Amino acid sequence: MTCKVAVLGAGTMGEALLGGLLRSGWPPRALGVTCRRKKRAAEIEARHGVAPMGNTDAAAWADVLILAVKPQDMGALLEEVSPAIAPGTLLISVAAGLTTAFFEERVPAGVAVVRAMPNTAVLVDEGMTVLSGGSHASQQHVEQAAELFRGVGHTLTVPEAQQDAATALSGSGPAYFYFLVEAMTDAGVLLGLPRDKAHELVVRSSVGASVMLRDSGTHPVKLREAVTSPAGTTISAVRELERHGVRAALMAALEAARDRSGELAASYG
């Protein structure tokens, strides 16, 4: 924790990463943050004790830059800060769809770039962040990025060619679970339960199932079979899920998300 880290862009994701670094032991003096609006800058400083700075000042000061602005704003940001980026600086992007090549073309030659795709569970320190190194990033650079993101959850390294698939599965993944919780809660209401009780039943079941998946080491098919008695309620429900093509719909949905990630890269690159 001897290096200096600046988060450029203090939106939801940027602030979550800043908070995670502080909770994992980084001293405020080693952290920097940039904000577009003065009111937001004051809120961040009051909440986290990290003094906001300008984009160019942050780029010149930091050893590691975490770029957390929207993809459509990234080109302008890089044009602004590129002259201030020193050799040896590590750039980490959390912008969906943008490739490491996009950054390497816009920063000084040889600067290491790591592409990161965290999901929104970083807000509760249970995030999953998928990392890929660019052409100038060593294994040490990728590990340095992984150390930063471990403050808000877990990390996985993949070749960059798999990043769009990882974005579809993990980056967007929480939304699919929320969608299922919403649908199951509506079903509970249809069956006669009050909405608040239906919601609690679904959420508690989801948490319990997730912990069993994480801790048991058992294949999900085996866990499902353990709940599925012959001629019982669960197998009747599973039959309907299969009849309505839920498995195929999920596969198609993730393919669509993967393809959209690639389209974003093409539109901004």
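The values are calculated or read from the model by the stated rules, or taken from the named source; none is laboratory data. These numbers come from a predicted model, not from an experiment. Ideal geometry is used to build each Cβ from the backbone, glycine not excepted, and the neighbour counts take in all protein chains shown. For accessibility, only protein heavy atoms count, side chains too; no ligands or nucleic acids. Shrake-Rupley method; radii C 1.70, N 1.55, O 1.52, S 1.80 Å.
Numbers for the structure displayed
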| read-out | value |
| --- | --- |
| Residue check for ARG239: at pLDDT 95 or above, outside any loop (DSSP other than H, G, I, E, B) and surrounded by fewer than 12 Cβ atoms within 10 Å (Cβ to Cβ) | yes |
| Check on ARG115, of a type in the set (Lys, Arg) and modelled with pLDDT of 95 or more | yes |
| Pairs, first more than 16 Å from ALA6 (Cβ to Cβ) in the stretch 37-65, second modelled with pLDDT of 95 or more and open to solvent by 70 Å² or more (accessible area, probe 1.4 Å), C-beta under 8 Å, six or more apart | none |
| Criterion: over 14 Å from the mean Cα position of the chain (by Cα) and either within 27 Å of GLY14 (Cβ to Cβ) or touching a residue at least 12 places away in the same chain (Cβ under 8 Å) (or both) - qualifying residue of ALA166, ALA146, ALA187, ALA198 | ALA198 |
| Check on LEU90, touching a His at 6+ places or on another chain (Cβ under 7 Å), open to solvent by less than 50 Å² (accessible area, probe 1.4 Å) and touching a residue at least 40 places away in the same chain (Cβ under 8 Å) | yes |
| Hits in the stretch 147-174 - residues which are more than 15 Å from GLU255 (Cα to Cα) and in a helix (DSSP H, G or I) | GLU147, LEU148, PHE149, ARG150, GLY151, VAL152, GLU160, PRO174 |
| Residue satisfying all of: in the stretch 220-236; at negative phi and assigned to a loop (DSSP other than H, G, I, E, B); most open to solvent (accessible area, probe 1.4 Å) among these | PRO230 |
| Odd one out for LEU264 among (1) farther than 30 Å from ARG106 by Cα; (2) outside any loop (DSSP other than H, G, I, E, B); (3) not acidic (Asp, Glu) | (1) |
| Selection within the stretch 34-74 - among the hydroxyl-bearing types (Ser, Thr, Tyr) and either assigned to a loop (DSSP other than H, G, I, E, B) or surrounded by fewer than 17 Cβ atoms within 10 Å (Cβ to Cβ) (or both) | THR56 |
| Residue check, VAL124 of a type outside the set (S, T, N, Q), touching a strand residue (DSSP E or B) at 6+ places or on another chain (Cβ under 9 Å) and crowded, with 21+ Cβ neighbours inside 10 Å | no |
| Any hit, the stretch 185-203, residues being small (Gly, Ala, Ser), at pLDDT 95 or above, out of contact with any helix residue (DSSP H, G or I) (no Cβ under 6 Å at 6 or more places or on another chain) and in a helix (DSSP H, G or I) | yes |
| Residue check, VAL211 open to solvent by less than 70 Å² (accessible area, probe 1.4 Å), at pLDDT 95 or above and within 25 Å of HIS154 (Cα to Cα) | yes |
